[in-house]
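The values are calculated or read from the model by the stated rules, or taken from the named source; none is laboratory data. Predicted model, so just to flag it, every value in this text is computed and none were measured. Methodologically, a virtual Cβ is constructed for each residue, glycine included, from the backbone with ideal geometry; neighbour enumeration extends over all protein chains shown. The area values use the complete protein model at the heavy-atom level, side chains included, leaving out ligands, DNA and RNA. Shrake-Rupley method; radii C 1.70, N 1.55, O 1.52, S 1.80 Å.
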Amino acid sequence: MRAKFTLALSLVFLATALFAFFSPELMNVSRETFSAETPTNSEVSEGLTCQCGCGLTVANCNMPTCGFSVPMRRDIDRMIGEGKTRAQIIAFYRHQYGEKVLSAPTTEGFNLLAWTMPFIALALGGGLMVLAVGRWHSNQPSAPADSNKGAAPTSFDLELRRKLEKELEERR
């Protein structure tokens, strides 16, 4: 049984790893995020998180006097006017503020876990559920082939049977 569990767990892990590393959707995330040639202010500011504490992107920060997003939008317009690409602008702010300024984790290094861990957890959980259900089905006691439902059991203790009948008589 342990060999089945190890094999199933290995297969689930292998399938999840293959999905994570060869998924076209994950490969396109970095291309879409950093590849625009002539960006607009909203495209760039969607990729950056406002640092005022609102938890929104710079494009969606709804505080009219925000001390972070308002000047940043002006700086982004200036950089676009200088001919910088979206990737260059985001790289500038990433260098200045670190990873926390990005609105989505990159698909490289340790951040790859942020993209793959939900799928790995679902696959492992599903695999464990399949194994548990399989164990439950294999552990159910089976009825003897020659037993009839209406027939009395043949092996029992006569003394216990007499005690049971005596107690039942007393309760009536």
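Rolling a 1.4 angstrom probe over the protein heavy atoms, how many square angstrom per residue are accessible across the stretch 40-88?
On the way: 2550 Å² over 49 residues.
Per-residue accessible area for the stretch 40-88 comes out at 52 Å².
At 0.36 nm per residue, and after removing the present C-alpha to C-alpha distance, how many nm does the segment from residue 75 to residue 167 gain when stretched out fully?
Values: separation 92, 0.36 × 92 = 33.12 nm, distance 9.14 nm.
Additional length available on full extension: 24.0 nm.
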With labels modelled as points extended 7 Å from the Cα through the Cβ direction, what inter-label distance (nm, one decimal) is found for residue 96 paired with residue 6?
5.5
Apply 1/(1 + (r/R0)^6) to the Cβ-Cβ distance of residue 108 and residue 136, taking R0 = 30 Å, and write down the FRET efficiency to the nearest 0.05.
0.10
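Calculated FRET efficiency, residue 62 and residue 124, Cβ-Cβ r, R0 41 Å, to nearest 0.05? Before the final figure, lay out each step's value.
Working: r = 39 Å, r/R0 = 0.96.
Efficiency, from the Cβ-Cβ distance: 0.55.
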